[in-house]
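One structure is given here, and the rest of the page talks about it.
Read-outs throughout are calculated quantities, based only on the coordinates presented, and are distinct from any laboratory measurement. Note that this is a predicted model, so its numbers are computed, not measured. Positions of Cβ are generated from backbone atoms using ideal geometry, with glycine treated the same way; all protein chains shown enter the neighbour counts.
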Amino acid sequence: VARWLAAIISTSAILRLGWSYIQKSRHENRLNGIKGHTIIFGQGAAVQSYLNGHEPTDNGETLVLLSANKTLTESWVQRGGLAVVIEDESVSQHNLTTAGLEKAAHLLLLDINDKHNLQVALLAQSISTTPEIILRQDHPAIRDLIQRNELSPKNTTRRLRIISIEVSRARELFDRVPLEVTPRGLASEVHLAISGQGPFEQAAAVQAALIG
């Protein structure tokens, strides 16, 4: 009986390995065959929210997830999506090439860490000038510095757009609760109490100053 069980277990293990190899090969073939797609990089609430709001192939455009979060990538693959797992601490040229950077239409950098987004943007621009890069930078000073120094040189076809999740949140907050409007009409003064100095608080302070 023990011999039969051992043989069954060994056969089962071999079949699982074979199936895993086939699935991996299919996934790699799908990655090699796409073009004009969007690569989404990062992890965190913004990336999860973006994936939740889109299908693996959205309006005819394939979405490829590039992330170090294995739970996130596995969930995306289970939905039928394509993903590249970042095994090391930082994104490599191999990761971007595997995700099809040179054939991509867009590179969406939405990681929770501004530094990681900027590093990937610089690396991507050294590899390919094809995709439009949408770069998340929530820190006001760094965002302003990048815009002033033009990360994308004028003599290339590189396209760069900088966005801020925290600025969007601050604008939405003041749309819901207008600072200048009170139950008695327009306010003559506005006092903004900020509890911290994080990216959202800084964005809120800037937006309040622009309103005033």
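Assorted remarks:
- Qualifying GluC sites (Glu not before Pro) in segment 71-120, DSSP loop, other Cβ atoms within 10 Å at most 14: Glu87, Glu89
- Backbone amide hydrogens, once placed in the peptide plane, bring Val64 within less than 5 Å of Thr38, Ile39, Ile40, excluding anything fewer than 5 places away on its chain.
- Relative contact order (%) - criterion: Cα under 8 Å, at least six apart; region: segment 53-173: 17
- Of the trypsin sites (Lys or Arg not before Pro) found in segment 86-179, those that fall in a DSSP loop while having at most 13 other beta-carbon atoms within 10 Å are Lys154.
- Amide hydrogen proximity for Leu110: with H placed 1.01 Å from N in the peptide plane, the residues at 5 or more positions away or on another chain lying under 5 Å are Phe41.
- The calculated FRET efficiency for the pair Ser168 and Val85, based on their C-beta separation and a Förster distance of 22 Å, comes to about 0.20.
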